[in-house]
Amino acid sequence: MDNKPKIARIHVDRDLCIGAASCVAVAPGVFSLDDENKAIVINPKGADDETILLAAQSCPTRAIILFDEKGDQIYP
């Protein structure tokens, strides 16, 4: 049985985002850069949870915050 928390919500802290685009490289189906060169979520179901977590972990400023179904922060 897999007891890892499921990712229910992805939040990008625009004040922290520097447009490194590592999240886009890891999960292009989930993240994109907008016209301000900041990461945005284009499809929260565009990759599996493991890939989304890897994308969040790849962020040099930890601007991607992940929450589970209960609303608890699971990363970082």
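Computed from phi, the 3J(HN,Hα) profile of the range 25-32 under the Karplus parametrisation 6.51, -1.76, 1.60 (θ = phi - 60°) reads 5, 7, 9, x, x, 10, 10, 8 Hz, with x in place of Gly and Pro.
In this structure the amide hydrogen of TYR75, modeled in the peptide plane, comes within under 5 Å of the amide hydrogens of LEU66, none closer than 5 places in sequence on its chain. Of the GluC sites (Glu not before Pro) found in the range 4-76, the ones in coil according to DSSP and having at most 11 other Cβ atoms within 10 Å of their Cβ are GLU36, GLU69. Taking the Cα centre of the range 5-50 as origin and assigning +1 to Lys and Arg Cβ atoms and -1 to Asp and Glu Cβ atoms, the resulting dipole is close to 140 debye. Per the Kirkwood formula applied to alpha carbons, the chain shows a radius of gyration over Rh ratio, Rg over Rh, of 0.95.
Per-residue Karplus couplings for the range 44-54, computed as 6.51 cos²θ - 1.76 cosθ + 1.60 with θ equal to phi - 60°, are listed in order as x, 10, x, 7, 6, 4, 4, 5, 4, 4, 4 Hz, Gly and Pro entered as x.
None of the figures in this text is laboratory data; all of them are computed from the coordinates on show. Predicted model, so just to flag it, every value in this text is computed and none were measured. Glycine also receives a Cβ, built like all others from the backbone with ideal geometry; neighbour counts cover every protein chain displayed.
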